[in-house]
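One structure is given below, encoded as structure tokens.
The values are calculated or read from the model by the stated rules, or taken from the named source; none is laboratory data. These figures come from a predicted structure and were not determined experimentally. Here the Cβ positions follow ideal geometry from the backbone for every residue, glycine too, while neighbour counts run over all protein chains shown.
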Amino acid sequence: MIVAQRKPFEEIMNMLKGYKKVLNVGCGTCVAVCLAGGEKEVTVLNTELDMARKLKDNPIKIDGITIERQCDREYLAELDSKVDDYEAVVSMACGVGVQFLAERFPQIPVYPMVDTSGLAANQAVGWYEERCRSCNQCVLGMTGGICPVTMCAKGIYNGPCGGTNNGSCEIDTEQPCAWFMIYERLERQGRLDNILELHAPVEWLDQTPRTLVQPGYKKVDPEDLV
Amino acid sequence: MRLEYPSNVKIVRVPCTGKVDVSHLLRAMQQGADGAYCVGCLEGTCHYNEGNLRCRERVEHVRNLLEEVGLEGDRVRMYNLSSGEGPTFAAYAKEMTEHIKELGANPLSQKQKAAA
């Protein structure tokens, strides 16, 4: 899932210093699961802002609403009748949600309340570890299910590099060498020959927003969208 | 056991301190409480294994949040005792009350009174 962490409170206070009436929109999907921007976090942030602004004798009226997903028009539609009552909208969703919200309501300033960190697995409650950089060229089948883009500090497709050090990475002895792990796993599975296959590097250059249309679906005229 | 403890302490009963959420403590402060404290079972004796440990972590978090907001984090505390320690409960209530008196009233409640 997408994970995020709340921005420092001081940064949030600065962003909102000129506003007196704000709507805080939470997102009930990924950021709710990773405890960054769901209903509960909206309540906590609003309570904090209310207290901090009262203490500065500059009260703010901040309301909260948490919708199922901010990256879906269907759910954003719930806000259509509400946002114009506010001077600004803040979003506790990931970067996708914030942009989609801002796109739907171009007449009103939208501010992000979280920093989106990436795609991560849930190790335990409150503990998330990145596993995917969504490079769009998945090689996990050749690397024993260990992602070299995410787990290797250099993100190289043909490793290990000269910095591998008895199973650790040269950047930090606590950081395992991804290619050492890949070697060990492929060896255990008896398919070490996979490591000899050369892969073209990821094409990170000239990145433009990627569009995905699943088989059986098609793009529709934006005019027809809700 | 007819023990006395300060009458200003208002008790909110929960099934386990693990039920206490960050928002509960923050709301208490927002609404003008001068202080709030959680009294959980002794560490290591939680019926739900780690309810009181989770509460302690949340209390720590709330203390940090209050400092960010501009209030003293020490207005919120965590205490532990066993259910058989009535006198300790009364002693903690007294200790917390005296501690909060030293800190003074919650500035938010004063502002609310001034606005009313």
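Assorted remarks:
- Residue in the range A:128-140 that is part of a loop (DSSP other than H, G, I, E, B) and of a type in the set (Phe, Trp, Tyr) present: no
- Residue among A:PRO112, A:PRO160 that is assigned by TED's automatic domain parsing to the domain that holds A:GLY97 and surrounded by 15 or more Cβ atoms within 10 Å (Cβ to Cβ): A:PRO112
- Residue, surrounded by the fewest Cβ atoms within 10 Å (Cβ to Cβ), within the range B:1-16, restricted to residues that are in contact (Cβ under 8 Å) with a residue 40 or more places away in the chain and of a type outside the set (A, V, I, L, M, F, W, C): B:GLU4
- Check on A:THR43, buried (at least 19 other Cβ atoms within 10 Å of the Cβ), free of Cβ contacts under 8 Å to residues at least 12 places away in the same chain, within 14 Å of chain B (Cβ to nearest Cβ) and in a helix (DSSP H, G or I): no
- Count of the range A:24-40 residues which are among the hydrophobic types (A, V, I, L, M, F, W, C) and surrounded by fewer than 20 Cβ atoms within 10 Å (Cβ to Cβ): 2
- Test: residue in the range A:3-16 that is of a type in the set (D, E, K, R), away from every other protein chain (no Cβ under 14 Å) and out of contact with any strand residue (DSSP E or B) (no Cβ under 7 Å at 6 or more places or on another chain): no
- Odd one out for A:MET151 among (1) exposed (fewer than 14 other Cβ atoms within 10 Å of the Cβ); (2) under 30 Å from A:GLN99 (Cβ atoms); (3) free of Cβ contacts under 8 Å to residues at least 40 places away in the same chain: (1)
- From the list A:VAL96, A:VAL25, the one residue that fits, being away from every other protein chain (no Cβ under 14 Å), in contact with a helix residue (DSSP H, G or I) (Cβ under 9 Å, 6 or more places away or on another chain) and in contact (Cβ under 8 Å) with a residue 24 or more places away in the chain, is A:VAL25.
- The condition (being under 30 Å from A:GLY38 (Cβ atoms) and away from chain A (no Cβ under 14 Å)) is satisfied by just one residue among B:THR45, B:THR17: B:THR17.
- Restricting the range B:96-116 to residues that are charged (D, E, K, R) and exposed (fewer than 14 other Cβ atoms within 10 Å of the Cβ), the residue that is farthest from B:ILE11 (Cα to Cα): B:LYS113
- Any chance B:LEU81 is away from chain A (no Cβ under 13 Å) and either crowded, with 16+ Cβ neighbours inside 10 Å or closer than 24 Å to A:ILE12 by Cα (or both): yes
- Check on A:SER168, surrounded by 14 or more Cβ atoms within 10 Å (Cβ to Cβ) and polar (S, T, N, Q): yes
- Residues considered: B:ASN8, B:ASN52. Of these, the only one that is within 14 Å of the chain's Cα centre (by Cα) and either closer than 23 Å to B:LYS111 by Cβ or within 14 Å of chain A (Cβ to nearest Cβ) (or both) is B:ASN8.
- Filter pass, B:ASN64 being over 30 Å from B:ALA115 (Cα atoms), in contact with a helix residue (DSSP H, G or I) (Cβ under 9 Å, 6 or more places away or on another chain) and at pLDDT 95 or above: no
- Condition met for A:GLN5 (under 17 Å from the mean Cα position of the chain (by Cα) and part of a loop (DSSP other than H, G, I, E, B)): no
- Total residues in the range A:159-204, condition under 29 Å from the mean Cα position of the chain (by Cα), part of a loop (DSSP other than H, G, I, E, B) and among the β-branched types (Val, Ile, Thr): 2
- Residues (farther than 20 Å from A:LEU196 by Cβ and touching a Phe, Trp or Tyr at 6+ places or on another chain (Cβ under 8 Å)) located in the range A:137-167: A:GLY167
- Condition met for B:VAL76 (in contact with a Gly (Cβ under 9 Å, 6 or more places away or on another chain) and within 10 Å of another protein chain (Cβ to nearest Cβ)): no
- Looking across A:ASP57, A:ASP63, one residue alone is out of contact with any Gly (no Cβ under 9 Å at 6 or more places or on another chain), in a strand (DSSP E or B) and surrounded by fewer than 22 Cβ atoms within 10 Å (Cβ to Cβ). It is A:ASP63.
- For the range A:205-222, the tally of residues that are in a helix (DSSP H, G or I) and either small (Gly, Ala, Ser) or within 20 Å of A:ILE156 (Cβ to Cβ) (or both) stands at 0.
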